[in-house]
Amino acid sequence: MPDRTPAGESKSTDTPISGTVGGFRVFGVPIRFHFTFVLLLVFLIFVGVGGKQSGATTALYVVALFGSVLVHEICHALVAKLYGLQTHEIVMFPIGGVSRLEKQPKGKQELFIALAGPGINLIIGLALLAAQRDFLPLEKLAVPTDANLVERIALGNLLLGLFNLLPAYPMDGGRILRSIIALRKPEDEATQIAASAGRFLAIAMGLFGLLSQNFVLIFVALFVYLGAAQEGAAARGRSLTSGFPVRAAMITDFHTLSHSNTIREAGDLLLSTSQQDFPVMHGEEVIGLLTRSALLRAMLSAGPDSYVAAAMDRDFLRVSPDLSLSDALAHLSTMRSCALVMDGDRLVGLLTTEHLYEFTMLRQISLAQERTSHQQ
Ligand SMILES: [Zn+2]
């Protein structure tokens, strides 16, 4: 199933997927369930009771398919581990699992990590079929009965394997495609090509789903489309920022707050400047970061006379001015849109997603100008 982009390389950016419940560990990898997955299980068991199969067979079938998806994800994680890449977590969604790797695997590593998942499903499917003495005709599988349980589990695995091999990035097949393109082209260009192919296939898949009224397929298409668009944009951002340090794009002209300032004073600063996130100082030392949302929350809950020290984030994101900009980009996310640029203990700048966006826009324009001047 689709594997999410790594959220960044440092622990501080390790934001787990939200909306998950419970969990256990397999080979040290935490496995969690998205709440929609739990809803699906309840739904499947609910609709599965009755019909031509017994309740026990229904339960067995659901558990077997769930196990197949899990084995798929665990195989990704095990091959990643062979390359020394840790898997942060596996989250089970209704349409399959999503593994979160600590960082983007390179070249052939990605090829084998991506192959491992669908590969094991194909092996399980074929092995189960081979173990059957006589094959049931396909049309008999359409009606679930107790007798064709093994064939249905086999078929489920074959479908799971083949479907994931579709070259629709960020699904496994798309990752395989990306790693093959990356053998000849720069990493980020390969991602952009694979992401375009992924978007195209997602649209085709969505249209087919609409025409055949297959809502699961429409759902998967949407998931693939969003994933491809997101990863394509991230790759474009990386290629536009590559070769530059954080220093080149940071904001050096900014305001700070003192820990003894009130939320009212912080609010005044928010209104009178274009800044949204404020470093909070204790003398020369940075002790926190007050974001706009934290400021507004404090204004509503604790009131304007409360102190910024109570509302600020003490566990803020810090980056070095010499860190490469593309690495810094991976650390910033929708959750953390501002990082403090620290030279040792000294605050030297701010790095925000908004500002980085402006930086990449300017880079895009200057690259286009370079190209036209080369042509003349
Ligand atoms: Zn997979």
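The values are calculated or read from the model by the stated rules, or taken from the named source; none is laboratory data. In this text the structure is predicted, and so the values were computed from the model without any measurement. Note that each Cβ is placed from the backbone with ideal geometry, even for glycine, and that neighbours are counted across all protein chains shown. Just the protein is used for accessible areas: all its heavy atoms, side chains included, with ligands, DNA and RNA removed. Shrake-Rupley method; radii C 1.70, N 1.55, O 1.52, S 1.80 Å.
Worth a mention:
- Here the accessible area of the stretch 175-243 is 68 percent carbon and sulfur, with a 1.4 angstrom probe and all protein chains present.
- Residue among ALA204, ALA234, ALA194 with the largest mean-square fluctuation in a Gaussian network model of the chain, springs linking Cα atoms under 10 Å: ALA204
- Test item: Cα-centred dipole of the stretch 252-376, Lys/Arg +1 and Asp/Glu -1 on Cβ, debye: 360 debye
- Computed from the C-beta positions of VAL62 and THR353, the FRET efficiency with R₀ = 35 Å rounds to 0.25.
- Whole-angstrom gap from the stretch 317-376 to the stretch 191-218, using each part's C-alpha centre: 33 Å
- The residues of the chain expose on average 53 square angstrom of accessible surface per residue, using a 1.4 Å probe on protein heavy atoms.
- Among SER326, SER196, SER272, the largest mean-square fluctuation in a Gaussian network model of the chain, built with springs joining Cα atoms closer than 10 Å, belongs to SER272.
- Count Lys and Arg as plus one, Asp and Glu as minus one, and take only other residues whose Cβ is under 12 Å from that of LEU325; the net charge is then +1.
- Computed in the context of the full set of protein chains, the accessible area of the stretch 253-376 at 1.4 Å probe radius has 51% of its extent on carbon or sulfur.
- Scanning the chain for long hydrophobic helices, with DSSP H runs required to stretch 30 angstrom or more by C-alpha along their axis and to average at least -1.0 on the Kyte-Doolittle scale, returns 55-82, 107-131, 187-211, 215-241, 353-375.
- In the chain, the DSSP-assigned H stretches of four residues or longer account for a calculated mean residue ellipticity at 222 nm of -17500 deg cm²/dmol, using -39500 (n - 2.57) per stretch and the full residue count as denominator.
- Stretch in the chain that is longest and holds no trypsin sites (Lys or Arg not before Pro) that DSSP places in a loop and that have at most 16 other beta carbons within 10 Å: 185-313
- Separation of the ILE287 and ILE180 label points, Cα + 7 Å toward Cβ, nm: 5.9 nm
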